[in-house]
């Protein structure tokens, strides 16, 4: 930052600042309410949290079913171990914390206590990717990369409240362990405008297009749809394939999408290492499909703290950034592929 | 006690003569040690020192305390016995064979390709093995969840977790200890095998865990410390903790590596003991002498 002129900066705001656009339709705590509905049908549903019930929408379940909620304290290892023990005696636990703690801190417990025996434990991780301005301590930018290598584990990255509401019963119905990247609080409601139903393990083509195909997961599907609408105004015809299940990946749908001469762009709220982009790239390479993959993802670095809109702009996840990136790719088709720009650490971050 | 439930039903405790119980446990402990030596010989080395040391504890639990049905390892009413220390598998296979859960003849496959008895315990391989331990510091957390779940379901089954003093190094053990206490899980019994030895040497030199009993009490546990090779003391301790209400219990058992076989008990202590081919028969003979003495 070279300018010395004072200017108003956005603030980091709450840790759990909503990423909904101003005026966007939202639904409050879709996970907690979906879990409540499910719990009324299935008495074996139980909930656990590691001192973050209030921040993972688990408090909705806690208040409705206090006898079936277990406060485990700020102790993620025992929370996941205990969830495994509950599943061993026939319960179906949903265990919530922040993604960083479920994956980085308690991975051995997720892996060996839950995934290895193939137990029906549903791990719910809030603040996935870049959904908080609190910096690397709370930004789970590599949770998919950590977990994709874990056998038996089903991984879901929902787009919005519709996805979450429909995923919760599907995850409980799946016999094995699952990990849900939770969007909490006022969660955008987007997919009800499309002919869409969440189906575990299936990708869904939300719109068709002749020029570009966006293969997206998580909240980036919302951005993909916004970008597609904006590009339509510029007469660019953009398809969007939503991939809510990261593992097992719907490779057939991805190969179908790639076997055209359209520009193929992946979009994810995750580092470019080990997430959707590399999943798609390896799917194509293993099938002998030579389509180039343009990854829109977070850079391979520890991200800055600051206001979420600022950070989404800076790291290329905002709709503006997505549109700009796609246009640049369309304009310079011969340009060599570059991974997402690695931004230098900002000497004057938004919180300074 | 039903015909198909093991001998260990709690309701027999008051009616069976204490001396009879102790003698039955001593015989079972002999069988466990003999089974362990047979398995050790298959591999030529291994965690035989720990198996001999913990044999009296396992004999007490499986012969006298645990409710289970040998022919139905998934019986929902069973007490759960979790082997947090996966490398003690040799000891638990020896005990489960003695208890009729797995055939004695199968023990010779221990640690061999395609065996149901891998070197490190795995639930998916072995009937009666509740969890895959081995990454240490996991068992008590799983026990916490089982105990919470059983209580929620109104199932009176108890949960036993066998851990080692070395495992007290793991922070997750203490997360679970705090959790069991916070939730008042009096259906949990932790058993700590204090043999004072871990992989890199004596526990006191690797990472000091003493005073062990004080630590558990500070975490809100009903804690008893006994000579883990004294069957009478073990019976009294396990009887007491089964009656205890309001908090989880821990039986801290001081055991001696290689106990029951002087040849192995008196040699330099090693986490992973090497035994010469000719020594296995000597060991069996010494074990036999100890039983008849």
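The values are calculated or read from the model by the stated rules, or taken from the named source; none is laboratory data. Model, not experiment: these values are computed from the prediction. Neighbour counts are summed over all protein chains in view; Cβ atoms, including those assigned to glycine, are modelled from backbone coordinates with ideal geometry.
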Hits in the range A:13-39 (condition: over 19 Å from the mean Cα position of the chain (by Cα) and either over 25 Å from residue A:159 (Cα atoms) or at pLDDT below 75 (or both)): A:13, A:14
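Tell me, please, whether a residue that is within 14 Å of another protein chain (Cβ to nearest Cβ) and either assigned to a helix (DSSP H, G or I) or touching a strand residue (DSSP E or B) at 6+ places or on another chain (Cβ under 7 Å) (or both) can be found in the range A:29-40.
Start the filter on the range A:29-40 by keeping residues that are within 14 Å of another protein chain (Cβ to nearest Cβ), which leaves A:39.
Filter once more, so that each one left must be either assigned to a helix (DSSP H, G or I) or touching a strand residue (DSSP E or B) at 6+ places or on another chain (Cβ under 7 Å) (or both): A:39.
The answer is yes; a qualifying residue exists.
Could you look through the range A:43-52, keep only residues that are outside any loop (DSSP other than H, G, I, E, B) and within 11 Å of chain B (Cβ to nearest Cβ), and pick out the one that is nearest to the chain's Cα centre (by Cα)? Before the answer, list the steps.
At the first step, the residues of the range A:43-52 found to be outside any loop (DSSP other than H, G, I, E, B) are A:45-49.
This time we only want the ones that are within 11 Å of chain B (Cβ to nearest Cβ), so: A:46, A:48.
Numbers: A:46: 23, A:48: 21 Å.
The residue in question is A:48.
Only residues that are farther than 14 Å from residue B:47 by Cα and surrounded by 19 or more Cβ atoms within 10 Å (Cβ to Cβ): list them for the range B:184-195, please. Before the answer, list the steps.
If we filter the range B:184-195 for residues that are farther than 14 Å from residue B:47 by Cα, which is where we start, we get B:184-192, B:194.
If the condition is that a residue be farther than 14 Å from residue B:47 by Cα and surrounded by 19 or more Cβ atoms within 10 Å (Cβ to Cβ), then B:185, B:186, B:187, B:188, B:189, B:190, B:191, B:192, B:194 are the ones that fit.
Which residues, counting only those in the range A:93-123, are more than 7 Å from every other protein chain (Cβ to nearest Cβ) and assigned to a loop (DSSP other than H, G, I, E, B)? First the steps, then the outcome.
Let us first name the residues in the range A:93-123 that are more than 7 Å from every other protein chain (Cβ to nearest Cβ), namely A:93-107, A:110-111, A:114-115, A:118-123.
Scanning the range A:93-123 gives A:106, A:118, A:119, A:120, A:121.
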Residues that are surrounded by fewer than 16 Cβ atoms within 10 Å (Cβ to Cβ) and assigned to a strand (DSSP E or B), drawn from the range B:226-275: B:227, B:274
Any hit, the range A:261-270, residues being surrounded by 24 or more Cβ atoms within 10 Å (Cβ to Cβ), under 23 Å from residue A:169 (Cα atoms), touching a helix residue (DSSP H, G or I) at 6+ places or on another chain (Cβ under 8 Å) and at pLDDT 95 or above: no
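Condition first: assigned to a loop (DSSP other than H, G, I, E, B) and in contact with a strand residue (DSSP E or B) (Cβ under 8 Å, 6 or more places away or on another chain). Now tell me which residues in the range A:279-310 satisfy that.
Of the residues in the range A:279-310, the ones assigned to a loop (DSSP other than H, G, I, E, B) are A:287-292, A:299-307.
Matches in the range A:279-310: A:291, A:292, A:299, A:300.
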Positions within the range B:139-169 being within 9 Å of another protein chain (Cβ to nearest Cβ), in a loop (DSSP other than H, G, I, E, B) and in contact with a strand residue (DSSP E or B) (Cβ under 9 Å, 6 or more places away or on another chain), in sequence order: B:157
Hey, residue A:164 within 23 Å of residue A:32 (Cβ to Cβ), within 14 Å of another protein chain (Cβ to nearest Cβ), crowded, with 24+ Cβ neighbours inside 10 Å and in contact (Cβ under 8 Å) with a residue 60 or more places away in the chain or not: no
Identity of the residue in the range A:78-92, facing chain B (nearest Cβ under 8 Å) and not in a helix (DSSP H, G or I), that ends up surrounded by the most Cβ atoms within 10 Å (Cβ to Cβ): A:91
Residue in the range A:53-61 that is at pLDDT below 95 and under 19 Å from the mean Cα position of the chain (by Cα) present: no
Count of the range A:53-73 residues which are away from every other protein chain (no Cβ under 14 Å), out of contact with any helix residue (DSSP H, G or I) (no Cβ under 8 Å at 6 or more places or on another chain) and in a helix (DSSP H, G or I): 2
Residue list for the range B:77-136, restricted to those being over 13 Å from the mean Cα position of the chain (by Cα) and in a helix (DSSP H, G or I): B:97, B:98, B:104, B:105, B:106, B:107, B:108, B:109
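How about the range B:215-225: which of its residues are in a helix (DSSP H, G or I) and more than 21 Å from residue B:197 (Cβ to Cβ)? Can you show your working first?
Here is the first cut: in the range B:215-225, the ones in a helix (DSSP H, G or I) are B:215-218.
Residues satisfying the conditions are B:217, B:218.
Answer with yes or no whether residue B:53 is more than 14 Å from chain A (Cβ to nearest Cβ), modelled with pLDDT under 95 and buried (at least 24 other Cβ atoms within 10 Å of the Cβ). Walk me through it before giving the result.
Working: more than 14 Å from chain A (Cβ to nearest Cβ): yes; modelled with pLDDT under 95: no; buried (at least 24 other Cβ atoms within 10 Å of the Cβ): yes.
The answer is no for residue B:53.
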The range B:118-133: number of residues that are surrounded by 20 or more Cβ atoms within 10 Å (Cβ to Cβ) and within 8 Å of another protein chain (Cβ to nearest Cβ): 3
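Determine whether residue A:182 is modelled with pLDDT of 95 or more, within 15 Å of the chain's Cα centre (by Cα), surrounded by fewer than 23 Cβ atoms within 10 Å (Cβ to Cβ) and within 25 Å of residue A:140 (Cα to Cα). Steps first, please.
Values: modelled with pLDDT of 95 or more: yes; within 15 Å of the chain's Cα centre (by Cα): yes; surrounded by fewer than 23 Cβ atoms within 10 Å (Cβ to Cβ): no; within 25 Å of residue A:140 (Cα to Cα): yes.
When the stated conditions are applied, residue A:182 does not pass them.
Would you call residue B:206 more than 14 Å from chain A (Cβ to nearest Cβ) and either surrounded by 18 or more Cβ atoms within 10 Å (Cβ to Cβ) or closer than 30 Å to residue A:86 by Cβ (or both)?
Details: more than 14 Å from chain A (Cβ to nearest Cβ): yes; either surrounded by 18 or more Cβ atoms within 10 Å (Cβ to Cβ) or closer than 30 Å to residue A:86 by Cβ (or both): no.
Spelling it out, it is not the case that residue B:206 is more than 14 Å from chain A (Cβ to nearest Cβ) and either surrounded by 18 or more Cβ atoms within 10 Å (Cβ to Cβ) or closer than 30 Å to residue A:86 by Cβ (or both).
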Failed item in (1) farther than 28 Å from residue B:137 by Cβ; (2) at pLDDT 95 or above, with residue A:134 passing the rest: (2)
Count of the range B:34-46 residues which are touching a helix residue (DSSP H, G or I) at 6+ places or on another chain (Cβ under 8 Å) and modelled with pLDDT under 90: 2
Residues (surrounded by 21 or more Cβ atoms within 10 Å (Cβ to Cβ) and touching a residue at least 60 places away in the same chain (Cβ under 8 Å)) located in the range A:53-67: A:56, A:57, A:58
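Quick check on residue A:168: is it part of a helix (DSSP H, G or I) and in contact with a helix residue (DSSP H, G or I) (Cβ under 6 Å, 6 or more places away or on another chain)?
On the way: part of a helix (DSSP H, G or I): yes; in contact with a helix residue (DSSP H, G or I) (Cβ under 6 Å, 6 or more places away or on another chain): yes.
Yes: the conditions hold for residue A:168.
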